[in-house]
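The values are calculated or read from the model by the stated rules, or taken from the named source; none is laboratory data. From a predicted model like this one, the values you see are computed outputs, not experimental measurements. When we count neighbours, we look across all protein chains shown, and the Cβ atoms used for this are built from the backbone with ideal geometry, even at glycine. Just the protein is used for accessible areas: all its heavy atoms, side chains included, with ligands, DNA and RNA removed. Shrake-Rupley method; radii C 1.70, N 1.55, O 1.52, S 1.80 Å.
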Amino acid sequence: MNDSQRQQSHQTGMLSFARDLPNICSLAGLLCAVLSIYFAILGNFPVAIIGMIWAVFFDWGDGIIARRMKGRTDEYRAFGGQLDSLIDIVSFGICPAVFLLSYGEFSPWFLPGAFVIVATSAIRLSYFNVFGLVDDSTYMGLALDNNVMIFAFVFLFDGFFGHTTFSVIIYTMFMLIAAFNLAPVRTPKFSNRWFYVLLVYVLGLTVIYSWILWGNCQ
C-alpha cells in the first residue's frame, strides 16, 4: 500500500470498514461468541453451545460473501482479513476456554487447559496469517472451527456421564484437538457446497440443544 492509499484509508474511517457486508457477518459471529461466553459463565451450557456453533456459521459466511462481492478494494480485503483473525481467537480460543473453565466450576486444575486452548489458537492463527493455506483446498493442521463442531457433538453425551467424569472427557478432548491444530499434517479446507452441510448441521444442533434446554427448564 503506497502513501496515497494509506491516506485515503485513514480518511475513510474505521466505521466505514465495519459497515462492509462481510465484516458485518464477522461481527455477527463475534456477537454469537460473546453471548456464548456470557451463558457459559452463567452455567447455561446448551445456549453457550448454540452461540458457539452459530459463530462458526458466520465465520464461514463472511468468507463466502467476500469472495462473491465484486469491486471490493484491497484495503477492505485486508481489513476484513485482520478482523476475521481477531474474531477467530475470541470464537475458537477464548470462548471454548471459558466454557471449559465454567464446566470445571473454575477449578485451578482447568486453568492449564484453558491456557492451552487460547495459546493454540494464537499460534495457529499467527501461522496462518503468515503462511496461509498449503494450497487452495488444504490447511496445515486442523482448522480451529472444526474444534467447536466436534465439541458441540461430543457435548450431546453430557447426560450419560457424571459431571466429574465428563469434565475429564472434555478436558482430554480439547487437549487432543489442540495437538491436531498444531500438528504438521494436512487437512482439507471445507468450503462451497460444504457451507450448506454446515448450515444443516448448525440448524440440527440448534434444535437439539433447544430441546435439551426446554427439558432442563421443566
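Answer yes if at least one residue in segment 162-177 is surrounded by 15 or more Cβ atoms within 10 Å (Cβ to Cβ), part of a helix (DSSP H, G or I) and modelled with pLDDT under 95, and no otherwise. No. In segment 122-145, the qualifying residues are those that are in contact (Cβ under 8 Å) with a residue 40 or more places away in the chain and of a type in the set (S, T, N, Q), and the one that is least open to solvent (accessible area, probe 1.4 Å) is T138. Taking the criterion of being farther than 19 Å from G51 by Cβ and either open to solvent by less than 30 Å² (accessible area, probe 1.4 Å) or within 9 Å of the chain's Cα centre (by Cα) (or both), the only residue of segment 81-103 that qualifies is S85.
Counting the residues of segment 52-83 that are closer than 18 Å to I37 by Cα and touching a residue at least 40 places away in the same chain (Cβ under 8 Å) gives 7. If you go through segment 131-158 and pick out every residue that is under 17 Å from I169 (Cβ atoms), over 17 Å from the mean Cα position of the chain (by Cα) and of a type outside the set (D, E, K, R), you end up with 2. Please name all residue pairs, on different chains or six or more residues apart, with Cβ atoms under 6 Å, provided the first residue is in segment 169-189 and is farther than 16 Å from F115 by Cα and the second residue is open to solvent by 50 Å² or more (accessible area, probe 1.4 Å). Listed pairs, sorted by first residue: R186/V134; K189/S137. Looking at T120, is it at pLDDT below 95 and of a type in the set (S, T, Y)? Judged against the criteria, T120 is not a match.
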